[in-house]
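Working notes, structure below.
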Amino acid sequence: MLEELRITGLGVIDDTTLRLTTGMNAITGETGAGKTMVVTGLGLLFGGRADAGRVRADPGRAVVEGRLRLQGRLAGAVQARIVEAGAEVDDDGSVLLSRTVTIEGRSRAHVGGRGMPVSMLGEVGEQVVAVHGQSDQLRLLRPAEQRAALDRYAGPEHEKLLETYRQAWTQWRGVVDDLADRRRNARERSQEADLLKLGLDEISRVDPQVGEDDELRAEVQRLEHAEGLRTAAALAAQALASGVEAADETPDAVQLLGTARRTLEAQASVDPVLGELAARVEEAATLVDDVSAELSAYLGRLDADPARLEAIYERRAALRGLTRKYADDVDGVIAWAEHARSRLAALDTSDDLLEELDRERLRLAGHVAELAGRLTAARTEAAGRFAGQVSVELTGLAMPHARVEIAVLPRGAGRDEPVIEGLAAGPDGADEIELRLIAHPGAPALPLQKGASGGELSRVMLAIEVVFAGAGGPPTLVFDEVDAGVGGQAAVEIGRRLARLARTHQVLVVTHLPQVAAFADRHLVVAKDTGGAITTSGVRIVEETERARELARMLAGLPDSDLGIAHAEELLAVADKEKRGG
């Protein structure tokens, strides 16, 4: 639940804090006082689009901060996602969220004290808060939104089936597009394939090996400088150990080290330190002997072979021919060849391959059609349950003779869209969903946008939300004047339904109806202050002793009217009885 919301510098709100409770929170106030800014602030806090025009010139930025307590069935998943993103959740399960928007339009977000992309706020918001306002009612009039709403209601097993269908449809569409492209661009593909084959043939004749150019470069260095290398190695070997082209009887390094070792060992009995040094000299003699042996082997391998040198020159010239055409080095040429072979397979327009793709297309089409049929059946079953439950709720919202029905209709094929076994199947199935209202017995079933007035649409929206709440969904529900166009007994019933929702959810409702506000567990008033040079608004909690006066103000604009207060107290009594289950 959302425990606290602080808004600064947004619209008419300078700096105010809303302390919210579980159950139902009603937010009221005079027209223009800034009630809408509360909902706007909630939208910003949970990743909504920022409007720099809403930011107050002083201080030049709007800040919305909220403390969210994670609890219930969604807490684990939301907390895991927050921690995965690098933020922290307090020991009591609460997390701080923040959104800043400057007057220039720049936006920043923080979760658990860490800077985050704004999309992270949106991810959290999708799990914990659902906002419903007049714009949401308009959204629900779109067929795609109605289909999505029915799919959510149908439950997790249905959503798994929908995901399986989407994967199969994507695979089928990929094969269809690939087959069409191969047939449509056969000539261009053939020309590209011919060029790739020429390149692969040339590379195949040379047959470059990984790292070959570096190895050849090193070998050329040795062959071109063979005499100088031979002289250096021979002189070094002679100095270390005689017998390799020795020109005189000068002692070599091995002999001198042997003399040193023996001399030290002769005095080791007098001073043990000399014995330790003698051992180290012996180690040095062993090392020198090893180097001498390796120099002898090196001289044996060293060969100034002119024929080999010429062959390397020719090989490097052939490799340079490849690197001029295909890549910067030999390894790049080999990589080009691997890519070209893969590309050749993709360019294949042979009859055999086209027939194989066509068989795969037909196989996948059958699978998609079968899944689409299962989706239609599942949606039809869910539509009956959903419509029945919404109609029951409408009875309690002073629309006793109204019924809702949901039509599951065949989807029309889009432009240039292939048809699967007679079905115009799209990425979400082969169905269009239409929410219809039968206003009274004998009335035709009309689409919501044609059959519902503003007040009726508000009540249908609330009835749908009540049904959704019973099927799960976010734990916090926000209603922004969904009671517009409603009054009298219908307004009381809306308040009663919101109160029932508040038994299992945290409910925030922005309302102008006292019949609705009377059912609140916490009543907050947005009040405008025009005493200064600039109009500002703040939010205060209406204590129990003040509630009757506030409701009287909402009823007749007369907070001190005895008759108005009596009417307000009657409303509060009805609401209290309802909340106590009476």
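The values are calculated or read from the model by the stated rules, or taken from the named source; none is laboratory data. Since this is a predicted model, take the numbers as computed values, not measurements. All Cβ positions, glycine included, derive from the backbone under ideal geometry; neighbour counts span all protein chains shown. Please note that ligands, DNA and RNA were not included when accessible areas were found on the heavy atoms of the full protein model with its side chains. Shrake-Rupley method; radii C 1.70, N 1.55, O 1.52, S 1.80 Å.
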Worksheet item: In nm, what is the difference between 0.36 nm times the number of residues separating residue 19 and residue 363 and their Cα-Cα distance?
Response: 118.0 nm
Discussion item. If R₀ is 41 angstrom, what is the calculated FRET efficiency for the pair residue 142 and residue 346, using the beta carbon separation as r and rounding to 0.05?
Written reply: 0.60
Worksheet item: What does the highest-first list of 329-337, 281-289 look like by mean Cβ count within 10 Å?
Response: 329-337, 281-289
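If each residue of separation counts as 0.36 nm, what is the full-extension length gain between residue 171 and residue 297 once their alpha-carbon separation is subtracted?
On the way: separation 126, 0.36 × 126 = 45.36 nm, distance 6.35 nm.
Residue separation times 0.36 nm, minus the Cα-Cα distance, leaves 39.0 nm.
Using a Förster distance of 41 Å, how high is the FRET efficiency between residue 49 and residue 3, based on the Cβ-Cβ distance and rounded to 0.05?
Values: r = 25 Å, r/R0 = 0.61.
Step by step, r from the Cβ atoms, then E = 0.95.
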Worksheet item: What is the spin-label model distance, in nm, from residue 262 to residue 181 if the labels are put 7 Å beyond Cα along the C-beta direction?
Response: 8.4
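What ranking, highest mean first, results for peptides 156-166, 95-105, 8-18 when packing means the other Cβ atoms within 10 Å averaged over each residue? Present the calculation step by step, with values, prior to reporting the outcome.
Details: 156-166: 14.4, 95-105: 18.5, 8-18: 20.0.
The packing order, highest mean first, is 8-18, 95-105, 156-166.
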Worksheet item: Placing +1 at every Lys and Arg Cβ and -1 at every Asp and Glu Cβ, with all other atoms neutral, what dipole size does the chain have around its Cα centre, in debye to the nearest 20?
Response: 3540
Worksheet item: Convex hull over the Cα atoms of segment 164-221, averaged projected area in nm²?
Response: 7.2
Item to complete: Please express the Cα-Cα pair-distance distribution P(r) of the chain as a list of whole percents, one per 10 Å bin, running from 0 to the bin with the greatest distance.
Response: 3, 12, 15, 14, 12, 9, 8, 8, 7, 6, 4, 2, 0, 0
Discussion item. Quick one: the Cα spread of segment 378-442 along its three principal axes, in angstroms, biggest first?
Written reply: 47, 21, 16
Item to complete: Measure nothing but the geometry: give the 0 to 90° angle between the long axis through the Cα atoms of 330-347 and the longest principal axis through the Cα atoms of the chain, rounded to 10°.
Response: 50
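Relative to the present Cα-Cα distance, how much length would full extension add between residue 310 and residue 289 at 0.36 nm per residue of separation?
3.9 nm
Round to a whole number: what % of the accessible area of the chain belongs to carbon and sulfur, probe 1.4 Å?
On the way: 15170 of 29970 Å².
The C+S portion of the solvent-accessible surface of the chain is 51 percent.
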Practice prompt. Measure nothing fancy, just the Cα-based angle from helix 253-266's long axis to the longest principal axis of the chain, in degrees from 0 to 90, nearest 10.
Written response: 90
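If we sort 189-202, 392-405 on the protection proxy, mean other Cβ atoms within 10 Å, highest first, what's the order? Display every interim value, and only then the final one.
Values: 189-202: 13.7, 392-405: 18.7.
Descending mean neighbour count gives 392-405, 189-202.
At 222 nm, what value in deg cm²/dmol follows for the chain if DSSP H runs of at least 4 each add -39500 (n - 2.57) and the sum is divided by all its residues, to the nearest 500? Working shown, then result.
Working: 20 runs with 327 residues, N = 582.
Helix-only estimate at 222 nm: -18500 deg cm²/dmol.
Just to make sure I understand: if all protein chains stay in place, what is the order of 577, 450, 528 by accessible area at 1.4 Å, largest first?
Accessible-area ranking of 577, 450, 528, largest first: 450, 577, 528.
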Worksheet item: If you place +1 on the Cβ of every Lys and Arg, -1 on the Cβ of every Asp and Glu, and leave all else neutral, what size is the dipole of segment 82-186 about its Cα centre, to the nearest 20 Debye?
Response: 740
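Cross-chain or 8 or more residues apart, Cα under 29 Å: how many lysine pairs in the chain fit that? Count them up, please.
Values: 35/528; 35/577; 35/579; 197/325.
Lysine pairs satisfying the spacing and distance rule in the chain number 4.
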Response to the item:
PRE zone check, label point 7 Å out along Cα-to-Cβ of residue 353, amide N under 13 Å, scope segment 308-340, hits 340
Worksheet item: Averaged per residue, what accessible surface does the chain expose to a 1.4 Å probe, in Å²?
Response: 52
